[in-house]
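K.L.:
The structure that follows is given in the form of structure tokens.
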Protein chains: 2
Amino acid sequence: MNRAPSIGEYLIQRLQAHGVRHVFGIPGDYVLGFYDQLQKSPIQTVVTCDEQGAGFAADGYARVNGLGVVCVTYCVGGLKVVNPIAGAFAEKSPVVVISGAPGLYEREKNPLLHHKVRDFNTQLRVFEQITVASAALEDPDTAFAEIDRVLHTAVRYKRPVYLELPRDMATLPGRPDHRIRDLHEASDPHALAEALNEATMLLNRARRPVILADVELHRFGMQDDLIKIVEKTGIPVAATILGKSVVAEQHPQYLGVYEGAMGRDDVREYVESSDCVLLLGAFMTDINLGVFTAKLDPAKSISATSERLAIRYHTFENVRFQDFVRGLLSSDLRRHEPAPHPHPPQPAEFQPGRGGEKVTITRLFERVNRFLDDGNIVVADVGNALFGASDLLIRHRTEFLGPAYYASMGFAVPAALGAQMARPDLRPVVLVGDGAFQMTGMEISTIVRAGLNPVIIVLNNFGYGTERHIHDGPFNDVLHWNYHKLPEFLGRGRGFLVETEEQLDAALDDAAKHTESYCLLDVHLAPMDKSAALGRLAERLAERLGRKR
Amino acid sequence: MNRAPSIGEYLIQRLQAHGVRHVFGIPGDYVLGFYDQLQKSPIQTVVTCDEQGAGFAADGYARVNGLGVVCVTYCVGGLKVVNPIAGAFAEKSPVVVISGAPGLYEREKNPLLHHKVRDFNTQLRVFEQITVASAALEDPDTAFAEIDRVLHTAVRYKRPVYLELPRDMATLPGRPDHRIRDLHEASDPHALAEALNEATMLLNRARRPVILADVELHRFGMQDDLIKIVEKTGIPVAATILGKSVVAEQHPQYLGVYEGAMGRDDVREYVESSDCVLLLGAFMTDINLGVFTAKLDPAKSISATSERLAIRYHTFENVRFQDFVRGLLSSDLRRHEPAPHPHPPQPAEFQPGRGGEKVTITRLFERVNRFLDDGNIVVADVGNALFGASDLLIRHRTEFLGPAYYASMGFAVPAALGAQMARPDLRPVVLVGDGAFQMTGMEISTIVRAGLNPVIIVLNNFGYGTERHIHDGPFNDVLHWNYHKLPEFLGRGRGFLVETEEQLDAALDDAAKHTESYCLLDVHLAPMDKSAALGRLAERLAERLGRKR
């Protein structure tokens, strides 16, 4: 008779089957046994400085790889990743949280074991709020089935899940007769056919249809399907800021980023004057909608996501997102004649001023746009970094990561760690404000340990720039750090102090050549400088605050 | 007719009435309005690098000041403080979490507003798990009463509470006729009298009674009552590690820290052979009990806490902790003749080796013990820092802070920030491992901004030392940082590289003189070096893991 694998071993096997090659986290006594099992497996553990960094790294990894894992100890580790996991929930990133826990044998009489908060289920209840499935693996008879269910849910909904592994369970065998069930869900064929017919008719009848492509096409790996639809029909395509790079931005039918009044006017006008908008995998968030300045008429819209399919004012039940999108591909969509439409501006030549001109945000992004090539992935943090990046030209798909809905500061540096672990062939270009850098930037330490080489650009305006434009006060200032001296502190890397356009130009030239380690550019900016998009956003946010100035 | 204050103003007034002078946090758009109100009030806002640091700082402040406040924005801020607040819950520290939130006016139709996770109550539900009271201030008619109730509960139970303030509520007036209700709770006089009679009888009858003093005496500010009981009765007193410094450690009746087999043998023997142990405010945690090696016979115990009063095997309802302790003071307790008992070792002279001797943990603590005087407060992080510190001689009460139950790494540096904001007359001495420093050590930046001057001693053993003794693996290593170069990175402070006893001696001499800024000692230690207490703890933990070696 076959001996069943232990619960820990089975979990590791299933993670591998889902394509996981790296796990981010920090060990602690309740999870050390499982770390030992990981150590003996082909999966590599990446120990970060703080669990928060591991959470963001697993999120970045999941966005690029399809599934990510953060592995932590009970409460003092797990409760540090609540915010990154909430962000993964909000932005649909499938991260598996694995937490150690006190052994069942030691819980009798409810003792006060270290790391316990209120009772032994406190952490589980917290994660129930921010995951789509969770389980405490407390019974060897059900553990394998629970692992299957929870991992399946993560992949099905592209959202985080939670698994709690008491330390005395990790090495116990599960059921030897366990079989992995196929959890495939099919669309209702009648509903699917009706929806496809109607969508096809509306698109064929339209004079000037347009596609708005968003994040779920990323998450479900359907970028190729999108391109096929675009090329089959001749319909032009725009992206949201959250979905940016879902289509390669040099594609001749690509319009640019649509984000209501926050985005470029020509894209806005083209999309909003269309007589049929096909929204694919699109979240109607305030930021995607330019703080609700977007004007998309539902009477002219077809919107498909993994959660909902709506055509005009009615919805269809039991139609899977993938089936609908692929159904469109094989349906009788006519070809639209190419019409003139906007294109994203091509990166211009960058001629640095020779008179000691200070760097502005506009000029910084012009220069970064020249720097980027096919070997990069752009990871942007919140604020000017993100909004300025919306106009960068991303050459290939899935090469732009930014927390463009949940908007948690501190995302970019650790997410770049995760992204490059998943795709070592891509060199991240990280855009991060000084405020966000002070939160998680020290994860560059983990980047050093892992031998990675991102280019990290600190937009150093000495404070929380976005907030200054909404409501200023001394609370928006942060301490000045000598970011460019980080290599001396960590003993590795290359730092550049950048105040002028010439220094910027030279530093990026150097960074292009120096690929053995990370390069950090400490770019000094005027405190009130801002990208055009941020200016428009801040204005709208201030209006909503009722104190427009 | 009087105009009522706004909800934000009332909250600030009530915090001031509870002795709050500082608030820790990071602003964000949903809480900027309240930050503006704080800015106009006498309360000072302390903006940290990351919200996690603000959470620990508020905890440290609460432990010293009696109440602490962390003020953050919705979800991306609030969910970053879940772990520090869970720690405050576990260790009974009254921290008020104030979070901004989207305005009620903008929640119609449940839009996808930035920072939202699942629905608008996700964050509230998370905090319900880790606080003793919570309220979303969504109704001006009840807001003042809710503020009263929630703050009262924090003070009553010495545990964290949560207040959510939608951004359109902060400036709305509450009820003009609101009156603060007196929420005094009285003991049942009959139960109290019976309990006091029995306790008095048992103590008077005992031949060799002993008092075990723990953390709740700190939290309820009852250190003076303790000393009066000790001096009235002549009974000697020990402290737990969590309660360390609740009694000034030079007191002639002080035995030392009792922690089962982890602590000093003479203290253990004295306490465990006593025929009547009076436990005051004591939590029976695994670490307080030396991983359950403590042998305290309930048949010989009287245990009073804010949650429970037990004498031998029976309990009393409705007897308040304070009433019981003060009742003992006025009861007919006889005086016990002074008997010989153990005393904590006095700090010895420190003669640094002159032959380039490397610093060991034992020698480090010997030297730190010489350094301490009445003007210090010791703040210890998890691991060797905490366990080594248990043998430091703390001269005055409330001068030792450490997460000795919840044991979250990363506590010490930000908690020292909070502690010194509360008590600027005390200079913190921070003991922190390199692993913990990499989590939150950069909050030294906030210490610089606030103009504080702690002495920070990094126990740099290149990894997670405690775990190495439980279960070692490469996952227990961390990157080497040049901690002593932090002053160059931050542009302020004084750093010392310490490898030998002579360097240690000189660096602490220098630090004693250099009081204008923080001083950071980067003390290199052998990876497997350990304090005696940690050695015993790790052995016990490894046993429980079932892989004793």
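The values are calculated or read from the model by the stated rules, or taken from the named source; none is laboratory data. All values reported here derive from a predicted model rather than from experimental measurement. Cβ placement follows ideal geometry from the backbone for every residue including glycine, while neighbour counts extend to all protein chains displayed. The area values use the complete protein model at the heavy-atom level, side chains included, leaving out ligands, DNA and RNA. Shrake-Rupley method; radii C 1.70, N 1.55, O 1.52, S 1.80 Å.
K.L.:
Let me confirm something: among B:Ala86, B:Ala17, B:Ala90, which residue is modelled with pLDDT of 95 or more, surrounded by fewer than 24 Cβ atoms within 10 Å (Cβ to Cβ) and of a type in the set (A, V, I, L, M)?
P.N.:
B:Ala17
K.L.:
When the residues of the stretch B:360-391 are narrowed to those that are part of a loop (DSSP other than H, G, I, E, B) and touching a strand residue (DSSP E or B) at 6+ places or on another chain (Cβ under 6 Å), which ends up farthest from B:Ser408 (Cα to Cα)?
P.N.:
By that ranking, first place goes to B:Gly375.
K.L.:
Of all residues in the stretch B:392-416 being β-branched (Val, Ile, Thr) and outside any helix (DSSP H, G or I), which is farthest from B:Tyr464 (Cα to Cα)?
P.N.:
In this case the residue turns out to be B:Thr398.
K.L.:
Give the stretch B:522-536 a look and list any residue that's in a loop (DSSP other than H, G, I, E, B) and open to solvent by 40 Å² or more (accessible area, probe 1.4 Å), or say none.
P.N.:
Within the stretch B:522-536, B:Ala526, B:Pro527, B:Met528, B:Lys530 qualify.
K.L.:
With the checklist (1) within 14 Å of chain A (Cβ to nearest Cβ); (2) open to solvent by 10 Å² or more (accessible area, probe 1.4 Å); (3) at negative phi in hand, flag the one item B:Phe496 doesn't pass.
P.N.:
(1)
K.L.:
Which of the residues that make up the stretch B:13-67 are within 14 Å of chain A (Cβ to nearest Cβ), among the hydrophobic types (A, V, I, L, M, F, W, C) and without any contact (Cβ under 8 Å) to a residue 40 or more places away in the chain?
P.N.:
Across the stretch B:13-67, the qualifying residues are B:Leu38, B:Ile43.
K.L.:
Same structure again: What residue, of B:Phe400, B:Phe387, is closer than 21 Å to B:Lys530 by Cβ, at pLDDT below 95 and within 14 Å of another protein chain (Cβ to nearest Cβ)?
P.N.:
Answer to the check: B:Phe387.
K.L.:
Need pairs with beta-carbon distance below 7 Å; first residue without any contact (Cβ under 8 Å) to a residue 24 or more places away in the chain and within the stretch A:329-358, second open to solvent by less than 100 Å² (accessible area, probe 1.4 Å); sequence gap 6+ or separate chains.
P.N.:
Correct list of pairs: A:Ala348/A:Glu366.
K.L.:
Looking only at residues in the stretch B:466-481 that are modelled with pLDDT of 95 or more and open to solvent by 30 Å² or more (accessible area, probe 1.4 Å), which one is farthest from the other protein chains (Cβ to nearest Cβ)?
P.N.:
Applying the filter and picking the extreme gives B:His480.
K.L.:
Which residues, taken from the stretch B:353-393, are open to solvent by 20 Å² or more (accessible area, probe 1.4 Å) and under 20 Å from the mean Cα position of the chain (by Cα)?
P.N.:
Listed by number, the residues that qualify are B:Asp374, B:Gly375, B:Val382, B:Asp391.
K.L.:
Can you give me the ranges of the strands (runs of 3 or more DSSP E) entirely in the stretch A:269-341 with at least 2 residues that are within 24 Å of the chain's Cα centre (by Cα), surrounded by 20 or more Cβ atoms within 10 Å (Cβ to Cβ) and modelled with pLDDT of 95 or more?
P.N.:
A:277-280, A:301-304
K.L.:
Something else about it: Among helices (runs of 4 or more DSSP H) lying entirely in the stretch A:435-497, which contain 2 or more residues that are under 21 Å from the mean Cα position of the chain (by Cα)?
P.N.:
Where helices (runs of 4 or more DSSP H) fall fully within the stretch A:435-497 and carry at least 2 residues being under 21 Å from the mean Cα position of the chain (by Cα), they are A:444-449.
K.L.:
Something else now. Are any of the residues in the stretch A:439-454 over 18 Å from A:Val46 (Cβ atoms), open to solvent by less than 10 Å² (accessible area, probe 1.4 Å) and either away from every other protein chain (no Cβ under 13 Å) or touching a residue at least 24 places away in the same chain (Cβ under 8 Å) (or both)?
P.N.:
no
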